[in-house]
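Below is one structure, written out as structure tokens; comments come after it.
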Amino acid sequence: MISHSSKIKERAVMLRKKGKSFSQIAETLKIGKSTVGFWFKNGVVKSKALKKSTKTKKRK
């Protein structure tokens, strides 16, 4: 199993905040889509800020 750096995970969060799909994030970072999904669904990447920004966008 490959361990991805925290920089790649940070980039994944940044891309998700910009509205990118898991597929787009995976392609950009050259990692598997399932890896991206796992990170976000299992809390491997900290997405509290992501949840707040998503709620803010919905209110507008």
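The values are calculated or read from the model by the stated rules, or taken from the named source; none is laboratory data. Because the structure is a prediction, the values reported are computed rather than measured. SASA here: full protein model, heavy atoms, side chains in, ligands and nucleic acids out. Shrake-Rupley method; radii C 1.70, N 1.55, O 1.52, S 1.80 Å.
Please list Glu27, Glu10 from largest to smallest accessible area, probe radius 1.4 Å, with all protein chains kept in place. Mind dumping the intermediate values first?
Numbers: Glu27 145, Glu10 120 Å².
Ranked from most to least accessible, the order is Glu27, Glu10.
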Val36 accessible area, nearest 10 Å², 1.4 Å probe?
0 Å²
